[in-house]
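Q: Next up is a structure, given as structure tokens.
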Amino acid sequence: MFLSVFDMFKVGVGPSSSHTMGPMVAGARFLETLRASPFHPAGLRASLHGSLAFTGKGHATDRATILGLAGFLPDSYDHEKAEAAMAAIAESGTVTPPGLPTLAFRPDTDLVFDYRERLPGHSNGMILMATDAEGDVILQETYYSIGGGFVVTAAELAAADKTAAAPSGVPYPFETAAEMLSMAAASGKSIAEMKRANERHFRSVGEIDAGIARLWQVMDGCIERGLKGEGILPGGLKVRRRAKAIHEALLAERGLNLVPPHTINDWISLYALAVNEENAVGGQVVTAPTNGAAGVLPAVLRYWLDHVPGASPTRIGEFLLTASAIGGLCKHNASISGAEGGCQAEMGSAAAMAAAGLCAVLGGTPEQVENAAEIALEHHLGMTCDPVKGLVQVPCIERNALGAIKAVSAASLALRGDGQHFVPLDAAIETMRQTGHDMHEKYKETSLGGLAVNVPNC
């Protein structure tokens, strides 16, 4: 198993990696298949299933699907161009993807939210179709958006279920936390050093460093935009953006003698709120490991850089590489998808990643890093995914803030010990997998249970 740091952290567009980025990528993949086919398409159709149907409108899945079929990609997303494309498609009833003829596509009739059928592979399922001039389907593919912007076809998902992962050829191919710690002990390397050595199998040092620098640039830029944003978040819940006002209040309190020590939690929360308010308006974010949990890790990293003595930007790579190693274990052995495992899969994984990264740059041993990740994950187990009105706003934005605080606390607790602890990280990850499997579907990103049905949503 090898999941790159650039698998766990992807530059994309809000509000959801599963519901926005995934469908956009699926559209792009379908266009590639269509270009390579012998068929002569005249139109396109799409149907959304499971969580993509139930919370798709609140998550802008319809918009993402349309833009994906028009040739847009999350990594290079341009908001102004997307707005112009959406207006043109609505007026003409056509899309003109690069390398293909103009194709009929009327969003009001050719994009269907199918609330009846959950596709067998994953709750985030979609079917994309190409039709001929008579309207008959000439090419069809089923895609699953499995969290964090990852997309697989039905065939790829079935193959992954039946066969073990092919050897990656990396020098430290750990698939469990126990293996990770064993390899660290045998090699004398830190988790980040092992992860970097694995990355070197596929990329040059320059490519790794440039990619990591861009990830933090986008994360930090998202925080800065969030600290300046004002107004009401879209979607109908009338949630007011709070980060700017909180930031101004915290700045005004600086230097006062009577500010309580716990105010540092407000700074940590602030950075997370800033990111997820930007995510809610469809801004550029980085999956960490998902959009819904995108604020936790940047908040902890920004806290370390701005508030912890001795912090240095030269060690951002160490933070992100360590975090990505933990995120890869969560994804490989359980899930990072809210639709599959509940919010524990998103927020728990994000907090574990952030705690591990912070523990590492604070001087933690591999054993302490593993302990920090376990503490953070353990105390998110059982968390449901219950977005009100299907929007990534309530309770999602505040959950990021509290997830960041938990991550910092977990790292601090781990550093107070020697790395020896009762519950291994592998056990916490396996518990998350089992809990997600047993959790009722209505608590897994469908907005059919929990807070979504117990608070007013208009």
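Q: With only Lys, Arg, Asp and Glu charged, each at its Cβ (+1 for the first two, -1 for the last two), find how big the charge dipole of region 139-281 is about the Cα centre; round to the nearest 20 debye.
A: Computed about the Cα centre, the dipole is about 300 debye.
Q: Something else about it: Once Cα extents along the principal axes in Å is worked out from the coordinates, which option in [x] 70, 52, 43; [y] 61, 58, 44; [z] 82, 59, 39 does it equal?
A: For Cα extents along the principal axes in Å, the calculated option is [x].
Q: Also: Work out how far the C-alpha atoms of region 1-135 reach from end to end along every principal axis, then list the three figures in whole Å, largest first.
A: Dimensions of region 1-135 along the principal axes of its Cα atoms: 43, 34, 30 Å.
Q: May I ask for the equivalent-ellipsoid semi-axes of region 407-458, computed as the square root of five times each C-alpha gyration tensor eigenvalue and listed largest first in whole Å?
A: 33, 17, 6
Q: Additional query: Quick one: check the C-alpha center-to-center distance for region 199-252 versus region 1-69, whole angstrom.
A: Taking the Cα centre of each part, region 199-252 and region 1-69 sit 23 Å apart.
Q: In addition: State, to one decimal in nm², a quarter of the convex hull surface area for the C-alpha atoms of region 53-124, i.e. the direction-averaged projected area.
A: Over all viewing directions, region 53-124 projects a mean Cα-hull area of 5.8 nm².
Q: With viscosity set to 1.002 mPa s and temperature to 20 °C, compute the Stokes-Einstein D of region 78-117, Rh being the Kirkwood radius across alpha carbon pairs; µm²/s, no decimals.
A: Rounded, D is 187 µm²/s.
Q: Taking the solvent-accessible surface of protein heavy atoms with a 1.4 Å probe, what is the per residue accessible area of the chain in Å²?
A: On a per-residue basis, 40 Å².
Q: Consider all pairwise Cα distances in region 61-199 and report the whole-number % of them above 26 Å.
A: Counting every Cα pair in region 61-199, those more than 26 Å apart make up 47 percent.
Q: Moving on. What is the helix-to-structure angle for 366-378, meaning the angle in degrees between its Cα long axis and the longest Cα principal axis of the chain, kept from 0 to 90 and rounded to the nearest 10?
A: Approximately 60 degrees, to the nearest ten.
Q: Could you list log10 I(q)/I(0) for region 238-291 at q = 0.29 Å⁻¹, which the Debye formula gives when each Cα is one point scatterer?
A: Each listed q maps to, in turn, -1.16.
Q: Computing the accessible area with a 1.4 Å probe over protein heavy atoms, can you report the carbon and sulfur percentage for the chain?
A: 55 percent
Q: With only alpha-carbon pairs counted, each pair once and no self-pairs, how large is the Kirkwood hydrodynamic radius of region 275-367 in angstroms?
A: One over the average 1/r among Cα pairs gives 13.5 Å for region 275-367.
Q: Packing-wise, with mean Cβ within 10 Å as the measure, how do 414-426, 363-375 rank, highest first?
A: Put in order of decreasing packing, that is 363-375, 414-426.
The values are calculated or read from the model by the stated rules, or taken from the named source; none is laboratory data. Here the structure is a predicted model, which is why all the values come from computation and not from measurement. Neighbour counts are summed over all protein chains in view; Cβ atoms, including those assigned to glycine, are modelled from backbone coordinates with ideal geometry. Side chains included, ligands, DNA and RNA excluded: accessible areas come from the protein's heavy atoms. Shrake-Rupley method; radii C 1.70, N 1.55, O 1.52, S 1.80 Å.
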